[in-house]
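**Q** Here it is, the structure in full.
The values are calculated or read from the model by the stated rules, or taken from the named source; none is laboratory data. Since this is a predicted model, take the numbers as computed values, not measurements. Note that we place each Cβ from the backbone using ideal geometry, even for glycine, and neighbour counts take in every protein chain shown.
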Amino acid sequence: MARNLAPSCRQCRREAMKLFLKGERCHTEKCAIEKRNFVPGQHGKDRKAKIQGYGLQLREKQKARRYYGLLERQFRNLFEKAAQMKGVTGENLINMLERRLDNVIYRLGFGTSRSQARQVVRHGHITVNGRKVNIPSFQVKLNDVIEVAEKSRQNPAILAARDATAHQPTPAWLEVDRDNLRAKVLTQPKRSDLVQIQLNEQLIVELYSK
């Protein structure tokens with residue numbers, strides 16, 4: 001399985017904002033953005049040029065790709081599928097990114113970060129409608145029931161993540177039973193459900209449409 005092995009904190013610093021790639025650490029003073037909020041590299045502090053045009057579009061795409069933990073080819077393939085769907089391409093893209101199973105597990109609080117949520121999925125701890133699914137890119141659908149598998153309900157990492165994210169609000173499109181480690185998809189995710197970061201998906205559409 002292809003993975004993004006780039007240092008998490010450097011990715012946040014490159015985008016000059018928190019992408020919440022390291023779970024609870026991002027909410028403490030140990031977060032790299034709190035200590036070194038400038039572009040990584042020897043001359044990072046001196047980079048003050050205003051970004052515009054293509055550079056602005058590229059940064060927005062990189063921000064979204066890193067936020068959801070995708071490699072370039074994975075992100076591009078998802079965009080091409082979104083472009084072939086009816087409706088607004090940018091909103092379709094956000095919808096498909098949000099409905100990835102690894103993102104859903106993160107949103108439910110069964111993982112403190114998307115990388116941990118992806119590992120939970122890959123290790124076979126999650127079922128969808130009673131069937132084990134170990135594919136992080138799996139797209140959940142309306143009325144799908146997502147659960148932690150029976151044999152994994154005492155898994156220390158999952159229980160610790162659930163307790164650590166108790167303060168984390170659940171998106172309106174998901175209904176979660178945290179005690180029983182179960183959730184249901186109520187509606188399609190909306191653009192307004194993306195609250196952790198500011199994202200202009202239209203710039204991504206413009207970049208890939210060149």
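**Q** Quick one: which of 146, 94 is at pLDDT 90 or above, over 13 Å from the mean Cα position of the chain (by Cα) and within 23 Å of residue 192 (Cβ to Cβ)?
**A** Answer to the check: 146.
**Q** Another question, then. Restricting the search to the range 103-155, which residues are under 17 Å from residue 185 (Cβ atoms) and assigned to a helix (DSSP H, G or I)?
**A** Hits for the range 103-155 are 103, 104, 105, 106, 107, 108, 117, 121.
Condition check ((1) at pLDDT below 95; (2) hydrophobic (A, V, I, L, M, F, W, C); (3) touching a Lys or Arg at 6+ places or on another chain (Cβ under 7 Å)) across all residues:
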{"residue": "160", "(1), (2), (3)": "yes, yes, no"}
{"residue": "164", "(1), (2), (3)": "yes, yes, no"}
{"residue": "168", "(1), (2), (3)": "yes, no, no"}
{"residue": "172", "(1), (2), (3)": "yes, yes, no"}
{"residue": "179", "(1), (2), (3)": "yes, no, no"}
{"residue": "190", "(1), (2), (3)": "yes, no, no"}
{"residue": "204", "(1), (2), (3)": "yes, yes, yes"}
{"residue": "207", "(1), (2), (3)": "yes, yes, yes"}
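**Q** Here's another thing I want to ask about it. Which residues, counting only those in the range 121-137, are of a type outside the set (Gly, Ala, Ser) and farther than 16 Å from residue 99 by Cα?
**A** Within the range 121-137, the first condition is being of a type outside the set (Gly, Ala, Ser), and the residues that meet it are 121-123, 125-129, 131-136.
Across the range 121-137, the qualifying residues are 122, 123, 125, 131, 132.
**Q** What number of residues within the range 190-204 are out of contact with any helix residue (DSSP H, G or I) (no Cβ under 7 Å at 6 or more places or on another chain) and either buried (at least 17 other Cβ atoms within 10 Å of the Cβ) or part of a loop (DSSP other than H, G, I, E, B) (or both)?
**A** Matching residues across the range 190-204 total 4.
**Q** Please verify whether residue 187 is assigned to a loop (DSSP other than H, G, I, E, B), touching a residue at least 12 places away in the same chain (Cβ under 8 Å) and more than 15 Å from the chain's Cα centre (by Cα), treating the condition exactly as stated.
**A** So residue 187 passes the test.
**Q** Across the range 156-187, what is the total count of residues that are surrounded by 13 or more Cβ atoms within 10 Å (Cβ to Cβ) and among the acidic types (Asp, Glu)?
**A** Qualifying residue count for the region: 1.
**Q** Can residue 83 be described as surrounded by fewer than 18 Cβ atoms within 10 Å (Cβ to Cβ), of a type in the set (A, V, I, L, M) and in contact with a helix residue (DSSP H, G or I) (Cβ under 8 Å, 6 or more places away or on another chain)?
**A** yes
**Q** Sticking with this structure for a sec: So residue 50 passes all but one of these: (1) surrounded by 13 or more Cβ atoms within 10 Å (Cβ to Cβ); (2) at pLDDT 60 or above. Which condition number does it fail?
**A** With respect to (1) surrounded by 13 or more Cβ atoms within 10 Å (Cβ to Cβ); (2) at pLDDT 60 or above, residue 50 is out only on (1).
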